[in-house]
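S.K.: Sharing a structure, written as structure tokens. Questions coming.
Nothing in this text is a laboratory measurement; each read-out follows from the coordinates by a stated rule. Small disclaimer: the values here were computed from a predicted structure and weren't measured. Heads up, the Cβs are rebuilt from the backbone with ideal geometry, glycines too, and the neighbour counts pull from every protein chain shown.
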Ligand SMILES: [Zn+2]
């Protein structure tokens, strides 16, 4: 990115790696971060790392989960027949 400082240029290039985000959108995201209050930017950074480090696949259904089993599998009240795999088994 021409004309930007290395930190800004690096962040634009990093955001541009997201699917559907081109260099112009990445640039707008960086400008948003520069304008927003510091706590909001810090929260976004923390949320990204929390999702990255604390998201797993459920041991039972392979849905995304924050623990060994997902919230659906932990909920005994749920009707498990609603899950897509149970529909496949009935075919
Ligand atoms: Zn599950």
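S.K.: Can you give the FRET efficiency for residue 57 and residue 14, using 1/(1 + (r/R0)^6), R0 = 22 Å, r = Cβ-Cβ distance, to the nearest 0.05?
M.R.: Approximately 0.30, to the nearest 0.05.
S.K.: Which values of log₁₀ I(q)/I(0), to two decimal places, follow from the Debye formula for segment 1-54 at q = 0.18, 0.27 Å⁻¹ with a uniform point scatterer at every Cα?
M.R.: -0.64, -1.13
S.K.: For residue 45 and residue 75, what is the calculated FRET efficiency with R₀ set at 25 Å and r taken between the beta-carbons, to the nearest 0.05?
M.R.: That gives a FRET efficiency of 0.20.
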